[in-house]
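To start, the structure itself, in structure tokens.
Only the coordinates and a few stated rules stand behind these numbers; no lab work does. Source: prediction; values computed, not measured. Quick reminder, even Gly has a Cβ in these numbers, built from the backbone with ideal geometry, and neighbours come from all protein chains shown.
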Amino acid sequence: MRKIYIPDTADTTADAVVIGGGVVGAATAYWLSKAGLDTVLVEAKDGLGELTTGASAECFRCQFTEPAIVPLARESVDFFENFPERIGLPGHEIHLHQQGYLFITDKEEMLPNLQAAIEEQHRLGVEGSEFLNRDEVRKRFPFLSPSVAGATFRNADGWLSVHELVQGYAKASTARFFVRTKVIDVLTDKGGVSGVKTDRGTISTRHVVNAAGPFAGVIGKMVGLDLPLEPVLRQKAFVESDKIPTEAPFTVNLVNGSYWRPEAGGALVGWVNPDEPASAPLENPVGDWDFPAMALDKVRELTPFWDSIIENLKANDISVSAGQYVYTPDQQPIIGPVTEVPGFHLNCGYWIGIMVSPAVGRLCADLVTGARENKDNPLRLSRYKEGAVDKGSSFLSGH
């Protein structure tokens, strides 16, 4: 039976419906189906992972200091490292590149914060992360500017193929994936959620998971919720070049928010603009052609080999893409059931969706099935009213 298809009609029943076919939605559908629930995922795009997921830098790391995030990141990296075996698809590779995550600075005054972050990571169980002083980081990564004052590094961090990741979740799942199918409304009755109305018909269900990425706020309003979610445009550029250090880590300049990493045929380059305003959710985010120039100017500051590349770049050597990250007040996702609407569950608010997708998909499924109680879930929606918020200090949100 086809798993990913355009349904002639969506009039059907399901134990659970997942709204959103990005990496988090696909992982959630996988775990719900593994728990024995007849699951349907609904996605408005032509395929899975075509909005924010497909525009990501495809990276993952364990260098976090938030107590709620570290266990999810550790579980997820372990899952990535053993992906074919974990999902039961021998030979399905997600092309893992564990070349490390390197956070660099040329500001001496930032070094105590970097050292403190490493200490906190170790306290929370992150293994392998280390602080590197000026001499150590220059010796290990000679492509860096002599002005780099220090860094943090973890060799087991890196990046992967997000397309293969999403397809792996789908292939290993028994869920049905309805694409080109737009959610119009979430239906309720006196018992709570009763169905999902789409432009192709209505799916009767008692459990709905809102994993709609930038559109999660829109879906929330369908059941009367005003969720604390802010979509923000994020861009990346691919630069074609044969002068990139191919064994380099994912390298982040903590001072100006820029980053780059090797990619087949060149490098991915980006910049997290802290002043980028929140916006409405976008069905087709478009990159700005001024963005690559700004990002390249920033990455060259502490990795000066970029100077010679920039001098010879042609327009055809650069492509730009865009998506939207979604931020919450504490920059951590919102996961779990909504007390006010029985049967309505959240798995949204991500700028780290790829990084933690295996673990958050499992957590959400456990909360749907009752295998875990929401009161023990630190990422529940009610944490904001309860004041149970720990923002942490994991450097920059968006890397």
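Calculated translational diffusion coefficient of segment 171-272 (10 °C, 1.306 mPa s; Stokes-Einstein with Kirkwood radius over alpha-carbon pairs) equals 90 µm²/s.
Taking the DSSP beta bridges with both ends in the chain, the antiparallel portion is around 70 percent.
Going by neighbour counts of Cβ atoms within 10 Å, the residues R134, R362 line up, fewest first, as R134, R362.
Per residue, how much space in cubic angstrom lies within the convex hull of the C-alpha atoms of the chain? Walk me through the numbers before you get to the answer.
On the way: hull volume 54.5 nm³, N = 399.
Roughly 137 Å³ of hull volume per residue.
The angle between the Cα long axis of helix 111-123 and the longest principal axis of the Cα atoms of the chain comes to about 40 degrees, rounded to the nearest 10. Model label sites at K375 and E340, defined 7 Å from Cα along the beta-carbon direction, differ in position by 2.2 nm. On C-alpha positions alone, give me the angle between the axis of helix 23-34 and the longest principal axis of the chain, in degrees, nearest 10. Approximately 50 degrees, to the nearest 10.
Fewest neighbouring Cβ atoms within 10 Å first, the residues I19, I244 line up as I244, I19. Ordering of 150-159, 307-316, 120-129 by packing is 150-159, 120-129, 307-316, highest average first (other Cβ atoms within 10 Å, averaged per residue).
A cut-off of 5 Å between modelled amide H atoms, ignoring neighbours fewer than 5 places along the same chain, links G195 with L187, T205.
With both labels modelled 7 Å from their Cα along Cα-to-Cβ, the N113 to V255 distance reads 1.3 nm.
Gain on full extension, evaluated as 0.36 nm per residue between H95 and N82 minus their Cα-Cα distance, stands at 3.5 nm.
What is the antiparallel percent of DSSP beta bridges lying wholly in segment 138-226, to the nearest 5?
On the way: 10 of 10 bridges.
Antiparallel bridges: around 100 percent, rounded to the nearest 5.
Just list whichever of K45/K221; K45/K375; K197/K221; K34/K190; K139/K298; K34/K375 have alpha carbons separated by over 26 Å in the model shown. Beyond 26 Å between Cα atoms: K45/K375; K34/K190. Helical content of the chain, expressed as a calculated mean residue ellipticity at 222 nm, amounts to -7000 deg cm²/dmol (DSSP H runs of 4 or more residues, -39,500 (n - 2.57) each, divided by residue number, nearest 500).
The orientation-averaged shadow of the Cα convex hull for segment 73-194, equal to a quarter of the hull surface, comes to 13.1 nm².
Remark: spin-label model distance E276-E240 equals 2.5 nm, labels positioned 7 Å along the Cα→Cβ axis.
Given segment 305-399, what whole percent of its Cα pairs are spread farther than 19 Å? Considering segment 305-399, 54 percent of its Cα-Cα pairs are separated by more than 19 Å. How high is the FRET efficiency between E130 and A293 when r is their beta carbon distance and R₀ equals 41 Å, given to the nearest 0.05? E(calc), rounded to 0.05, equals 0.75.
Rank the residues Y327, Y5 as a footprinting-exposure proxy: fewest other Cβ atoms within 10 Å of their Cβ go first.
Details: Y327 19, Y5 13.
Lowest count first: Y5, Y327.
Tell me the Kirkwood hydrodynamic radius of segment 102-257 in angstroms, computed as one over the mean inverse distance between distinct C-alpha pairs. Present the calculation step by step, with values, prior to reporting the outcome.
Working: mean 1/r = 0.0490 Å⁻¹.
After inverting the mean inverse Cα-Cα distance, the result is 20.4 Å.
Could you give log10 I(q)/I(0) at q = 0.14, 0.15, 0.16 Å⁻¹ for segment 255-314, computed by the Debye formula over C-alpha point scatterers of equal weight, without solvent? Listed by q, the Debye log ratios stand at -0.47, -0.53, -0.60.
Compute the acute angle (0 to 90°) between the alpha-carbon long axis of helix 70-81 and the principal axis of greatest extent of the alpha-carbon atoms of the chain; round to the nearest 10°. Between helix and principal axis, roughly 90 degrees.
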